[in-house]
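Heads up, the thing below is written out as structure tokens.
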Amino acid sequence: DLPNAPPVAEMPNLNLLVIDDDLRIAQSLQVLLERIGHNVTIYNNALSALVAYKVHNFDLVLSDLAMPGMNGIELLRQLRDYNPQVRVLLFTGQALPNMIEEARRAGAVGVLRKPFELKEVLNAIQQACE
């Protein structure tokens, strides 16, 4: 056995940035993810989140796709300009195939459909961090 190899199901505690213009969704994600040991910072708009990303070191960004002002794909592009290694997971209530395609082309590590289950989010986070 390798002493440093954690069991597959275990994930390191991550610093997560969650953005959703619906704060209730952001807050419920925060509660669920903090309960299992992650550090979660939430914002309800992409511009504030972009500023925060440049100040703090986040392992993963989870953002709503459709937001007023800057949307999730624009946010993703700006984050990638700043840090090409950024990992961004997008979620959306109206998953239009062309938007999902655009999100993937822009470099999203995944796109989740709302309403999602915690298990789906965790699987997506785990895949994003591998």
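Rolled with a 1.4 Å probe across the full set of protein chains, the surface gives residue 21 an accessible area near 70 Å². With the gyration tensor restricted to C-alpha atoms of the chain, the semi-axes of the equivalent ellipsoid amount to 23, 16, 15 Å, longest first.
Relative contact order, whole percent, for the range 65-130 stands at 31, derived from Cα pairs under 8 Å and 6 or more residues apart. Near residue 66, the amide H atoms lying under 5 Å from its own belong to 72, 93; only residues 5 or more places off or on other chains count, and H is placed 1.01 Å from N. Taking every protein chain into account, the accessible area of the chain amounts to 57 square angstrom per residue (probe 1.4 Å).
Relative contact order for the chain using alpha-carbon pairs under 8 Å, separation at least 6, rounded to a whole percent?
On the way: 197 pairs, mean separation 26.4, N = 130.
Once normalised by length, the contact order is 20 percent.
The values are calculated or read from the model by the stated rules, or taken from the named source; none is laboratory data. Small disclaimer: the values here were computed from a predicted structure and weren't measured. Quick note on the areas: whole protein, heavy atoms, side chains included, nothing else; ligands and nucleic acids left out. Shrake-Rupley method; radii C 1.70, N 1.55, O 1.52, S 1.80 Å.
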